[in-house]
1. Which one of these is surrounded by fewer than 19 Cβ atoms within 10 Å (Cβ to Cβ), of a type in the set (Gly, Ala, Ser) and not assigned by TED's automatic domain parsing to the domain that holds GLU92: GLY137, GLY141?
2. For the condition over 30 Å from GLY165 (Cβ atoms), touching a Ser or Thr at 6+ places or on another chain (Cβ under 7 Å) and among the aliphatic types (A, V, I, L, M), what is the one hit in ALA61, ALA68?
3. In a loop (DSSP other than H, G, I, E, B) and touching a helix residue (DSSP H, G or I) at 6+ places or on another chain (Cβ under 6 Å): which single residue out of ARG139, ARG135, ARG63 fits that description?
4. For the range 174-189, how many residues are of a type outside the set (A, V, I, L, M) and either closer than 11 Å to VAL46 by Cβ or in a strand (DSSP E or B) (or both)?
5. Listed residues SER48, SER36; which is buried (at least 19 other Cβ atoms within 10 Å of the Cβ) and of a type in the set (Ser, Thr, Tyr)?
6. With respect to ARG229, is the statement that it is assigned to a loop (DSSP other than H, G, I, E, B), out of contact with any Gly (no Cβ under 6 Å at 6 or more places or on another chain) and among the basic types (Lys, Arg) true?
7. Just to verify a result, which residue in the range 109-134, among those that are crowded, with 16+ Cβ neighbours inside 10 Å and among the acidic types (Asp, Glu), is nearest to ALA24 (Cα to Cα)?
8. Just one of VAL22, VAL46 is in contact with a Leu (Cβ under 8 Å, 6 or more places away or on another chain), in a strand (DSSP E or B), at pLDDT 95 or above and assigned by TED's automatic domain parsing to the domain that holds ALA195; which is it?
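The values are calculated or read from the model by the stated rules, or taken from the named source; none is laboratory data. If you're wondering where the values come from, they're calculated on a predicted model, not measured in any experiment. Note: ideal-geometry Cβ built from the backbone for every residue, glycine included; neighbour counts use all protein chains shown.
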Amino acid sequence: MLLAQAPAGIPVLTRGDDVAAVIAPALASLEWPDGSRGLAAGDVVVVSSKIVSKAEGRMIAARDREEAITSQTVREVARRERVDGTVLRIVENPLGLVMAAAGVDASNTPPGTVLLLPEDPDASARRIRRGLHARFGVRPGVLVTDTSGRPWRRGVADIAIGAAGVRVLEDLRGGADSYGRTLTSTVMASADEVAAAAELVKGKAAGLPVAVVRGVTRLVTEDDGPGARSLVRPPEEDLFRHGSG
């Protein structure tokens, strides 16, 4: 059974905060249907990138958001000017992620500032995992997530941009479907699926930046693993990089 909870009571983080230390009391207060409390082996702790960025000092002064987006652009994929004159840009950022506005966030930040994504979200996830292990005695999986649009799909969903101790891909190739046919191409983005499930309980405007997903023990590993960077498709596999041809 898949269960997910987003604890209340996590304060606003600021530069220099230890994310694991700040969120641990709220995680310890969680009560589960089986009567247990806190974290258990096999849990996945899902942390919104915004609080990680704030703790890591990724809030910067910017005269306007467009300037900050340009600073975080490695490659522009597409742009469109809206009726109101603003420009929508889809770009590749230094993390290799292709996102609207390079993941630069101007919401819930003081005027004249913007929030950049963590510089190394996988390293952030590993630090949080070590801190939670020290406090709870179990080694949960940790995901750092951000909201992203999807090509050809309306709406946004949370994806994993950092991971530690989570099998980010489930390779089903070589297995069989229900009719006995061999699967030849199915690789599930399991970390993204957990990230999206966690967002259902966190909510975009509820002030709940952390969730715990229970019931996906098969995805939690003892070692930290390759991280979410391994989810980024390399250029040689990207059929859409240069358009049709």
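1. Details: GLY141 fails: surrounded by fewer than 19 Cβ atoms within 10 Å (Cβ to Cβ).
On inspection, the qualifying residue turns out to be GLY137.
2. Working: ALA68 fails: touching a Ser or Thr at 6+ places or on another chain (Cβ under 7 Å).
That would be ALA61, the only listed residue that is over 30 Å from GLY165 (Cβ atoms), touching a Ser or Thr at 6+ places or on another chain (Cβ under 7 Å) and among the aliphatic types (A, V, I, L, M).
3. On the way: ARG135 fails: in a loop (DSSP other than H, G, I, E, B); ARG63 fails: touching a helix residue (DSSP H, G or I) at 6+ places or on another chain (Cβ under 6 Å).
Going through ARG139, ARG135, ARG63 in turn, just one is in a loop (DSSP other than H, G, I, E, B) and touching a helix residue (DSSP H, G or I) at 6+ places or on another chain (Cβ under 6 Å): ARG139.
4. Taking the range 174-189 first, the residues of a type outside the set (A, V, I, L, M) are 174-175, 177-182, 184-186.
In the following step, the residues that additionally are either closer than 11 Å to VAL46 by Cβ or in a strand (DSSP E or B) (or both) were identified as 182.
The qualifying residues number 1.
5. Details: SER36 fails: buried (at least 19 other Cβ atoms within 10 Å of the Cβ).
Just one listed residue meets the conditions, SER48.
6. Numbers: assigned to a loop (DSSP other than H, G, I, E, B): no; out of contact with any Gly (no Cβ under 6 Å at 6 or more places or on another chain): yes; among the basic types (Lys, Arg): yes.
In short, no.
7. ASP122
8. Numbers: VAL22 fails: in a strand (DSSP E or B).
The match here is VAL46.
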